[in-house]
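Only one structure is covered here, and it is reproduced in the block below.
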Amino acid sequence: MIPQNFEYSAPNTLSEALALLSSGNAKVLAGGMSLIPLMKLRLAAPEHLVDLGRVPDLKAIREEGGSVRIGATVTHYEIESSPLIRAKCPLLAEAASNIGDVQVRNMGTIGGSIAHADPAADYPASLLALEAQVRIASAKGERTARIEEFLVDALSTALEPGEIVREVIVPIETAGTGVSYQKMVQPASGFAIVGAAVRVRKSGGKVAFVRVGITGLAAKGFRAAAVEKLIEGTAGSAADVQKAANVVADGVDANSDLSASAAYRRQMAKVYTARALTQALARIS
Ligand SMILES: Cc1cc2nc3c(=O)[nH]c(=O)nc-3n(C[C@H](O)[C@H](O)[C@H](O)COP(=O)(O)OP(=O)(O)OC[C@H]3O[C@@H](n4cnc5c(N)ncnc54)[C@H](O)[C@@H]3O)c2cc1C
């Protein structure tokens, strides 16, 4: 099918883009990887598309004040291959390298991915483990939201009408942290059936810091606080890892679809959480 007719604008500045978005039924276009298929299926029928692709402010990757700031239209490939992100936020680079295929990584953007909020998207697990923030802009001003606040539900975010993701703010990784993103891939689409992102540090032979983010299991990505609690303070042995990973799906309303039943996802979440914990522990330098 072809999409319904729509108006198309490609502004050159952020203020122009925000002004267009404040003026009615306009929708943002970024990489088009999720939006264009929805429009072709007529599941989305925006009257006006505002293409962010020519706004230079949104394409930057820069280090500022202990964080790496990634513009909304930075592509998955640019994240995966950026020397700055690979050095300062390696978990995010690893997550980006797991997204879809080469074409999707070349076109799809971090802003588009988190704004679309697919429950099976890769970024939420690592952004949650990284305690990232989202800088949001509109014609009225700016605000910043923690990623937990930003992700509201399946395909639903904290963005209000007229607001866009301006950048994603990721704290620079602390030295001595082991990180890993482990994903069970849906082979047809590349999306995550489940994915687990882990950051871990040890002190005196014990796990002193751990963050675990999970995607694919529930309607939205979440921090696996129960897993973190169980592994913290242990030596991080294989038995400690398994015991902690086993609680990852406790109390979680697991997704069920054509790719995987809820019971299967729960089981795979344990397996991939254990893998991510094991690899992150092995990568502590
Ligand atoms: C075949 C295929 C395989 C894929 N596999 C994976 C995978 O394995 N893992 C994964 O995580 N993803 C996967 N994706 C999704 C991909 O990562 C997309 O890039 C992403 O979901 C949408 O990003 P986009 O830049 O293309 O956004 P678009 O499709 O342009 O936009 C998506 C939505 O976000 C809104 N939007 C875009 N940018 C902004 C912004 N800055 N502020 C506010 N709203 C905005 C749009 O209005 C639209 O509603 C796959 C997609 C395809 C087509």
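The values are calculated or read from the model by the stated rules, or taken from the named source; none is laboratory data. Not measured: the values here are computed from a predicted model. Neighbour counts run over all protein chains shown; Cβ positions are idealised from the backbone, glycine included. To get the accessible areas, we keep the full protein, side chains included, count just its heavy atoms, and leave off ligands, DNA and RNA. Shrake-Rupley method; radii C 1.70, N 1.55, O 1.52, S 1.80 Å.
May I ask you to list the residues in the range 138-180 that are within 20 Å of Val200 (Cβ to Cβ) and away from the ligand (no atom under 15 Å from the Cβ)?
Scanning the range 138-180 gives Glu148, Val170, Pro171, Ile172, Glu173, Thr174, Ala175, Gly176, Thr177, Gly178, Val179, Ser180.
Being in a strand (DSSP E or B) and either within 10 Å of the ligand (Cβ to nearest atom) or in contact with a Cys (Cβ under 9 Å, 6 or more places away or on another chain) (or both) is the filter here, so list the residues in the range 3-28 that pass it. If you could, list the steps in order and put the result at the bottom.
Residues of the range 3-28 that are in a strand (DSSP E or B), as a first pass: 7-9, 26-28.
Correct list: Ala26, Lys27, Val28.
Any residue in the range 152-177 that is free of Cβ contacts under 8 Å to residues at least 40 places away in the same chain and within 30 Å of Ala282 (Cα to Cα) sitting within a Cβ distance under 9 Å of a residue that is open to solvent by less than 50 Å² (accessible area, probe 1.4 Å) and polar (S, T, N, Q)? List the pairs, counting only those 6 or more apart or interchain.
Once the first residue is free of Cβ contacts under 8 Å to residues at least 40 places away in the same chain and within 30 Å of Ala282 (Cα to Cα) and sits in the range 152-177, no partner that is open to solvent by less than 50 Å² (accessible area, probe 1.4 Å) and polar (S, T, N, Q) comes close enough.
Could you look through the range 47-91, keep only residues that are loosely packed, with under 15 Cβ neighbours inside 10 Å and assigned to a loop (DSSP other than H, G, I, E, B), and pick out the one that is farthest from the ligand (Cβ to nearest atom)?
Gly66
Assuming Val210 fulfils every condition listed in (1) assigned to a strand (DSSP E or B); (2) open to solvent by 10 Å² or more (accessible area, probe 1.4 Å) apart from one, which condition is it?
Going through (1) assigned to a strand (DSSP E or B); (2) open to solvent by 10 Å² or more (accessible area, probe 1.4 Å) one by one, Val210 breaks only (2).
Looking at the range 92-112, which of the residues that are polar (S, T, N, Q) and touching a residue at least 40 places away in the same chain (Cβ under 8 Å) is least open to solvent (accessible area, probe 1.4 Å)?
Filtering the range 92-112 down to residues polar (S, T, N, Q) leaves 97-98, 103, 106, 109.
With the extra rule that they be touching a residue at least 40 places away in the same chain (Cβ under 8 Å), the set shrinks to 98, 109.
Working: Asn98: 50, Thr109: 10 Å².
Selected residue: Thr109.
Provide a single number: the residues in the range 247-285 that are in contact (Cβ under 8 Å) with a residue 40 or more places away in the chain and open to solvent by less than 20 Å² (accessible area, probe 1.4 Å).
The number of residues fulfilling the criteria is 8.
Being open to solvent by less than 10 Å² (accessible area, probe 1.4 Å), closer than 24 Å to Val179 by Cα and out of contact with any Gly (no Cβ under 6 Å at 6 or more places or on another chain) is the filter here, so list the residues in the range 127-141 that pass it. Outline the logic, then answer.
Our first condition is that a residue be open to solvent by less than 10 Å² (accessible area, probe 1.4 Å); within the range 127-141, this holds for 127-130, 132, 134, 136-137.
In the following step, the residues that additionally are closer than 24 Å to Val179 by Cα were identified as 127-130, 132, 134.
Selection gives Leu127, Leu130, Ala132, Val134.
Identify the residue in the range 29-46 that is outside any loop (DSSP other than H, G, I, E, B) and not hydrophobic (A, V, I, L, M, F, W, C) and, among all such residues, is farthest from the ligand (Cβ to nearest atom). So that I can check it myself, show each step before the final result.
Going through the range 29-46, the residues outside any loop (DSSP other than H, G, I, E, B) turn out to be 29, 35-40.
Subsequent filtering for residues that are not hydrophobic (A, V, I, L, M, F, W, C) retains 37, 40.
Numbers: Pro37: 6, Lys40: 11 Å.
Of everything passing the filter in the range 29-46, Lys40 is farthest from the ligand (Cβ to nearest atom).
Examine the range 139-147 for a residue that is in contact with a strand residue (DSSP E or B) (Cβ under 9 Å, 6 or more places away or on another chain) and in a helix (DSSP H, G or I), and state whether such a residue exists. Don't jump to the end; show me each part of the working.
Going through the range 139-147, the residues in contact with a strand residue (DSSP E or B) (Cβ under 9 Å, 6 or more places away or on another chain) turn out to be 142-147.
Okay, now just the ones that are also in a helix (DSSP H, G or I), so 147.
So far as the range 139-147 goes, yes, one or more of its residues are in contact with a strand residue (DSSP E or B) (Cβ under 9 Å, 6 or more places away or on another chain) and in a helix (DSSP H, G or I).
Looking only at the range 17-45, filter to residues that are open to solvent by 80 Å² or more (accessible area, probe 1.4 Å) and free of Cβ contacts under 8 Å to residues at least 12 places away in the same chain; which one of those is farthest from His116 (Cα to Cα)?
Only one residue fits best here, namely Ser23.
I'd like the full set of residues that are farther than 18 Å from Thr73 by Cα and touching a residue at least 24 places away in the same chain (Cβ under 8 Å), limited to the range 141-151.
Glu148, Leu151 - these are the residues of the range 141-151 that are farther than 18 Å from Thr73 by Cα and touching a residue at least 24 places away in the same chain (Cβ under 8 Å).
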